[in-house]
1. How many residues are out of contact with any strand residue (DSSP E or B) (no Cβ under 6 Å at 6 or more places or on another chain), at pLDDT 95 or above and of a type in the set (Lys, Arg) when one looks only at the range 67-95?
2. Exactly one of these conditions fails for residue 143: (1) hydrophobic (A, V, I, L, M, F, W, C); (2) under 21 Å from residue 172 (Cβ atoms); (3) in contact with a strand residue (DSSP E or B) (Cβ under 7 Å, 6 or more places away or on another chain). Give me its number.
3. What residue, of 60, 20, is under 27 Å from residue 226 (Cα atoms), surrounded by 12 or more Cβ atoms within 10 Å (Cβ to Cβ) and more than 16 Å from ligand 2 (Cβ to nearest atom)?
4. Can you list the strands (runs of 3 or more DSSP E) found entirely within the range 194-266 that contain at least 1 residues being closer than 29 Å to residue 145 by Cα and within 16 Å of ligand 1 (Cβ to nearest atom)?
5. Taking the options 49, 53, name whichever one is more than 16 Å from ligand 2 (Cβ to nearest atom) and within 24 Å of residue 251 (Cα to Cα).
Amino acid sequence: MRWILTCLQSMAYLEIADACVHYPVRTAWGASDRVVSAVDGVSLALEKGEVLGLVGESGCGKSSLSRAIMQLQPFTSGSMRLDGEDLSALPPRELRRRRVDFQMVFQDPYASLNPRFSIYSTLVEALSRRSPLPRGEREEAVAELMTRVGLRPDQMFKYPHEFSGGQRQRVAIARAIAPRPKLLLADEPVSALDVSVRSQILNLLLDLRRDLGLTMLFISHDLGVVYHVSDRIAVMRAGRIVEQGTADEVFFHPQHEYTKRLLDAVPSL
Ligand SMILES: Nc1ncnc2c1ncn2[C@@H]1O[C@H](COP(=O)(O)OP(=O)(O)O)[C@@H](O)[C@H]1O
Ligand SMILES: [Mg+2]
């Protein structure tokens, strides 16, 4: 019994082993037998409550990896366990039910929000995913959620186009945390935002992580941004993890030439 408990305690919340995502190459003549290895044998583990930063240049496979973790597309090979469970084995209905546990924030908050839905409708839908939210409690719950992400509740009946980029990303973050997920994946969440609002959004994510005990995979091409939010950092290049360590190790004592190049590209330290 004791050793079972020990095993459970030492088990990572998210564990990916030798994962690959390949895309078929299409030519003008149709499909060929060549593939693009967007993710090429990646192994990662996230402990509960930890922020892992995934950094690498555009095109290195970060989004392919995150979409596969979100079960939006399959891994070509390899395995993934969330809280000890292989999600790829679940029937679609069960997977839908389980989705509340892992949510995502995308790069472009405008594209990820439905322009025809008011913030209120978007957030009521998100708040009702785990269990239906009684009509009489909706406005209060939306107001509370908006306050939590730094938005004014009196704006709940407005539409996405009436907000700034930073505010829209706050809405997208509110929608992601509404079903009380355990894992949050943020794929370049500040890359489309003005430099002046980036640190506000990063600090919001850090506050939420602390208050809600979130486990977070934070993805960016910018090592400076990743260092700001991460406990550990994994460096990805051409589909592979080339270096992994604590944020301080990777940022201050990079081992790999590629990491040093990423560090040189950080605008101002
Ligand atoms: N749906 C797709 N079909 C074919 N190739 C793709 C697809 N999505 C991404 N790729 C290719 O996979 C590689 C990794 O892309 P991506 O995962 O978007 O990287 P990143 O998010 O790091 O910029 C790139 O070469 C890209 O062109
Ligand atoms: Mg990407």
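1. 1
2. (3)
3. Details: 60 fails: more than 16 Å from ligand 2 (Cβ to nearest atom).
The conditions single out 20.
4. By residue number, 215-220.
5. Working: 53 fails: more than 16 Å from ligand 2 (Cβ to nearest atom).
49 is the lone residue from the list that is more than 16 Å from ligand 2 (Cβ to nearest atom) and within 24 Å of residue 251 (Cα to Cα).
This table checks each residue for (1) among the aromatic types (Phe, Trp, Tyr); (2) surrounded by fewer than 17 Cβ atoms within 10 Å (Cβ to Cβ); (3) under 21 Å from residue 17 (Cβ atoms); (4) modelled with pLDDT of 95 or more.
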residue	(1), (2), (3), (4)
186	no, no, no, yes
200	no, yes, no, yes
207	no, yes, no, yes
241	no, no, yes, yes
254	no, no, no, yes
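The values are calculated or read from the model by the stated rules, or taken from the named source; none is laboratory data. Please read these numbers as outputs of a predicted model, since none were measured by experiment. Quick reminder, even Gly has a Cβ in these numbers, built from the backbone with ideal geometry, and neighbours come from all protein chains shown.
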